[in-house]
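Undergrad: This is the structure I want to talk about, given as structure tokens.
The values are calculated or read from the model by the stated rules, or taken from the named source; none is laboratory data. Owing to the predicted nature of the structure, the values given are computational and were not obtained by experimental measurement. Note that each Cβ is placed from the backbone with ideal geometry, even for glycine, and that neighbours are counted across all protein chains shown. Side chains are part of the model used for accessible areas, which takes the heavy atoms of the whole protein and leaves out ligands, DNA and RNA. Shrake-Rupley method; radii C 1.70, N 1.55, O 1.52, S 1.80 Å.
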Amino acid sequence: MLVLTINCGSSSLRCALVDTASGSRLADAHAEEIADGAHAAAVARALEEIGRDVPGRAPEAVAHRIVHGGDAFSAPVLVTDDVMARLAPLNDLAPLHNPPALAALTAARARFALPHVAVFDTGFHVTLPPRAREYALPPDVARKHGVRRYGFHGISHEHVMRQVEAHLSRSARDLRIVSCHLGNGASATAIEYGRSVETSMGMTPLEGLVMGTRAGDVDPGVLLHLLRAGGYDAARLDALLNHESGLKGFAGTNDVREIETRAAAGDEACRRALTAYAHRVRKYIGAYAAVMGGVDAIAFTGGVGEHSALIRGRTLQRLDFLGARLDADRNRDARVDAARPVAAISDETSRVALLVVHADEETAMARAAATLLATPRAPTDRRVPVAVSARHAHLSQATIDRLFGPGHALVPRTPLAQHGQFAAQEVVSLIGPHGRIDHVRVLGPPRAADQVEISRSDEFVLGVDAPVRLSGDLENSPGITLEGPRGQVILEHGVICARRHIHMNPADAARLGLADHATVAVRVGGERGMVFEDVTVRVAPAFALQLHLDTDEANAAGVTADTRGEILDQMR
């Protein structure tokens, strides 16, 4: 499919005509330093330029990058008049980026009677867990004003993830990646097993790293101090934080090439700018390695990330403790482009892959639009039975023998919906650092590895911090003590909170237009019905169609034995 992409920055525009089958870009058009209110005219000029470059190759669809999707949009969406109306209120969340993008979208819809698809920078971060998504504010304040962390540069970070998994020949579901998008806008994202679990930008693109003209992290008390000191109001603070800070605030310019040249010549302000910039990125890399329990790859992209060997080198200093070792020659010589999108800059002894990735948001946008438009129309019946997955234990035969006696065979008590599985008569006690939970049901048959699934409420009773994982994904999970009638077993790891998921067989998956490990949103009916986002689809021949929620989630929605869910949207 030929897709025209329109990627608006606050004062810039990048357009491309992309052949999604081959990934080739047939034409490009750029504009910089666009005045306020002039994006529609810039789009018109760019489209004329692309038309001259590729005569007779008309696009079949148009993809638009929208920076902020708010709570309303978490996946690419076909643009309609209703969607346009729902996009307009989001301008306040990204005042530098959303208004010009909507102006360009309006102009393009008037020009092309084609499908238009909005692709959201915030969409990749819909998987942020509550601990990373929420600010430490009173819940009523956060709800009233829509205050939460959304994250940005999601299109770029997901593109980096895909390039890293291709380069390493490993699925992203097996990797822990820190993606550093460094440019005039800059952000870092922790990608654990194919999902964004932390990111440096927050409710707006102001939070996080030092950027070209944006301050990044600032003590909120500084802003209160400036307001109280006089001379500053909301508009003046907006200008200070968005346009006068960051590298420009340090050095008087946000051009990294100029800053590097001046720093080499002895300019202390420029040296301070580079030091602060790299220090902040390194700090986030270390924090994200801690969040994920390690890191397998650190990748740099964006204008600065791709082209500044100095920034990459300063950032990666002192990360030997993570097993990340830079090859200075490879770093200096690294070049990436469309033909060679990834360059390795780690040395041969590095346990962590250090990579430079060519930024290509346009191809990522085009493919997202093509995928959406190629997805079969959803069937009318998208209902799914809902099951409550209470705390339970899957045990190996060796552990069963130690807890219940040598050669003990689990006694089936109740068959489960998933073929061949059952709740056993046997129960165990869970003993954690803080407390214990008795009468925890064992599920059969025995498994190769011990796994204990608990709820968030159980975590606080036991005193453990269990990661949210799919069944079987036990790396970097905490351990616990199991107690049975014949003894105790200390597990070094194996305690998880089960990620909400839907089991389905291949026939159901084909009917619903879904694939294994797809991510969907599900509306669950009940006394307090609600929508659950970030639900993982699991497909296998033996699976029966069923949505699994843990006890906390089911209680929140008022789920009963007759509750049904409805699959709404495929999010990723």
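Undergrad: Could you do me a favour and compute the accessible area per residue for the range 246-359, 1.4 Å probe, result in Å²?
TA: On a per-residue basis, 46 Å².
Undergrad: Semi-axes of the equivalent ellipsoid of the chain: what are they in whole Å, largest first, if each equals the square root of 5 times a C-alpha gyration tensor eigenvalue?
TA: Three semi-axes, in Å: 43, 29, 23.
Undergrad: Specify whether the C-alpha gyration tensor of the range 95-191 places it in the rounded, prolate or oblate class, a ≥ b ≥ c being the square roots of the eigenvalues: rounded for a/c under 1.5, otherwise prolate if a/b is larger than b/c and oblate if not.
TA: Oblate, because a/c is 1.5 or more while a/b does not exceed b/c.
Undergrad: Bin all alpha-carbon pair distances of the range 115-274 at 5 Å intervals from 0 and give each bin's fraction as a whole percent.
TA: Bins of 5 Å from zero give 2, 9, 14, 15, 17, 16, 13, 9, 4, 2, 0, 0 percent of pairs.
Undergrad: If packing is taken as the average number of other Cβ atoms within 10 Å across a peptide's residues, how do 117-126, 278-287 rank, most packed first?
TA: 117-126, 278-287
Undergrad: Just the number, please: percent antiparallel of the DSSP beta bridges in the chain, rounded to the nearest 5.
TA: Taking every DSSP beta bridge within the chain, about 65 percent pair in antiparallel fashion.
Undergrad: Sort 25-33, 295-303 by packing, meaning the average of other beta carbons within 10 Å per residue, with the highest value first.
TA: Highest mean packing first, the order is 295-303, 25-33.
Undergrad: Moving on. With a 1.4 Å probe and all protein chains in place, put 204, 127 in order of accessible area, largest first.
TA: 204, 127
Undergrad: Name the residue from 370, 346, 380 whose Cα lies farthest towards the positive end of the charge dipole of the range 335-384, charges +1 on Cβ of Lys and Arg and -1 on Cβ of Asp and Glu.
TA: Highest projection toward the positive end goes to 380.
Undergrad: So for 248, 144, what's the accessible-area order with a 1.4 Å probe, most first?
TA: 144, 248
Undergrad: I'd like the per residue volume of the convex hull spanned by the Cα atoms of the range 40-100, given in cubic angstrom. Please report the intermediate quantities before stating the final value.
TA: Values: hull volume 6.4 nm³, N = 61.
Dividing the Cα hull volume of the range 40-100 by its residue count gives 105 Å³.
Undergrad: Tell me, what is the FRET efficiency for residue 58 and residue 78 to the nearest 0.05, using R0 = 22 angstrom and their Cβ-Cβ distance as r?
TA: 0.70
Undergrad: What are the semi-axes of the equivalent ellipsoid for the range 198-311, taken as the square roots of 5 times the Cα gyration tensor eigenvalues, largest first, in whole Å?
TA: Semi-axes (√(5λ), whole Å): 25, 21, 11.
Undergrad: A further question on this structure: Can you tell which of 171, 547, 295 lies farthest toward the positive end of the dipole of the chain, using +1 and -1 charges on the Cβ of basic and acidic side chains (Lys, Arg; Asp, Glu)?
TA: So the residue we want is 547.
Undergrad: In addition: Highest mean first, how do 316-322, 222-228, 95-101, 534-540 rank when packing is the count of other Cβ atoms within 10 Å averaged over residues?
TA: So the order, starting with the most tightly packed, is 95-101, 534-540, 316-322, 222-228.
Undergrad: Any idea which of 7, 211, 23 is furthest toward the positive side of the dipole for the chain, if Lys and Arg beta-carbons carry +1 and Asp and Glu beta-carbons -1?
TA: Highest projection toward the positive end goes to 23.
Undergrad: With a cut-off of at most 14 other beta carbons within 10 Å, and DSSP calling the residue loop, which trypsin sites (Lys or Arg not before Pro) in the range 348-433 qualify? Please list them. Working shown, then result.
TA: Numbers: sites: 351, 367, 377, 382, 383, 391, 402, 413; in loops: 351, 377, 382, 391.
Here the sparse-neighbourhood loop sites are 351, 377.
Undergrad: With charges only on Cβ, +1 for K and R and -1 for D and E, what is the dipole size of the range 245-327 about its Cα centre, in debye, rounded to 20?
TA: 240 debye
Undergrad: Taking the Cα of residue 457, stepping 7 Å toward and past its beta carbon, and measuring to each backbone N in the range 512-554: which are under 11 Å?
TA: Counting backbone N atoms under 11 Å from the label point, the list is 551-554.
Undergrad: Restricting things to alpha carbons, find the Rg to Rh ratio for the range 68-145 using the Kirkwood radius for Rh.
TA: 1.04
Undergrad: How big is the dipole moment of the chain about its Cα centre under a simple scheme where the beta carbon of each Lys and Arg is +1, that of each Asp and Glu is -1, and everything else is neutral? Debye, nearest 20, please.
TA: The calculated dipole for the chain is roughly 300 debye.
Undergrad: Using a 1.4 angstrom probe on heavy atoms only, work out the carbon and sulfur share of the accessible area of the chain in %.
TA: Solvent-exposed carbon and sulfur of the chain make up 52 percent of the total.
Undergrad: Per DSSP helix of 4 or more residues, -39500 (n - 2.57); summed, then divided by the residues of the chain. What does that give at 222 nm, rounded to the nearest 500?
TA: Calculated at 222 nm, the ellipticity per residue is -9500 deg cm²/dmol.
Undergrad: Separation of the range 19-62 and the range 425-476 by C-alpha centroid, Å?
TA: 54 Å
Undergrad: Related question: Determine the sum of side-chain charges near residue 204: Lys and Arg each +1, Asp and Glu each -1, restricted to other residues whose C-beta is under 15 angstrom from that of residue 204.
TA: That sum, taken over residues with Cβ under 15 Å, equals -2.
Undergrad: Let me ask something else about it. Using the 2.2 N^0.38 Å rule of thumb for compact globular proteins, work out how the range 149-230 stacks up: its C-alpha Rg over that value, please.
TA: On the way: Rg = 15.6 Å, N = 82, 2.2 N^0.38 = 11.7 Å.
Output field value: 1.33.
Undergrad: Can you give me the Kirkwood hydrodynamic radius for the range 7-82, using every pair of distinct Cα atoms, in Å to one decimal?
TA: Here the Kirkwood hydrodynamic radius works out to 14.0 Å.
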